[in-house]
């Protein structure tokens with residue numbers, strides 16, 4: 001049985017992973033439609049290497065952060081949860097902005113009513 005804090009780390013890592021998937025998909029979608037460009041030069045380089053490289057690195061991030069938080073949970077219990085909440089907040093904002101940019105243009109193209 002997981003303790004309350006361990007359970008929180010697992011759940012928050014899962015939420016972070018889902019947000020990373022949404023961010024990656026909306027980024028590639030917006031780039032393919034010519035609506036956005038990648039603002040992060042490292043991610044832009046990875047996109048140039050191919051979508052699979054970009055997705056691999058993008059989706060490895062929440063897994064690695066989750067593992068890091070799991071490893072520090074006893075020495076810095078507050079930090080492990082804080083790091084994940086911070087990442088979720090940032091990725092939530094980024095994902096909302098991507099969908100704000102992409103959805104109206106897709107709607108105008110007739111994909112969304």
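Every number here is computed from the coordinates shown, using simple stated rules; none is lab data. None of the values given here were measured: they were computed from a predicted structure. For neighbour counting, all protein chains shown are included, and Cβ atoms are generated from backbone atoms with ideal geometry for every residue, glycine included.
For the chain, what is the relative contact order in percent, using Cα pairs closer than 8 Å and at least 6 residues apart in sequence? Could you put the intermediate results ahead of the total?
Details: 91 pairs, mean separation 45.7, N = 113.
After rounding, I find 40 percent.
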Rough spin-label spacing in nm, given labels placed 7 Å along Cα→Cβ, for residue 18 and residue 74: 3.1
Once you put a point 7 Å from the Cα of residue 67 and another 7 Å from the Cα of residue 97, both along the Cβ direction, what distance in nm separates them? 2.9
At a 10 angstrom cut-off on C-beta neighbours, averaged per residue, how do the peptides 73-80, 20-27, 39-46 rank from highest to lowest? 20-27, 73-80, 39-46
State, to one decimal in nm, how far the label point of residue 86 lies from the label point of residue 43, with both points 7 Å from Cα in the Cβ direction. 1.8
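If you take the square roots of the eigenvalues of the alpha-carbon gyration tensor of segment 4-108 and sort them as a ≥ b ≥ c, do you get rounded (a/c under 1.5), prolate (a/b over b/c) or oblate? Before the final figure, lay out each step's value.
Details: a/c = 3.02, a/b = 1.94, b/c = 1.56.
Judged from the Cα gyration tensor, segment 4-108 comes out prolate (a/c at least 1.5, a/b above b/c).
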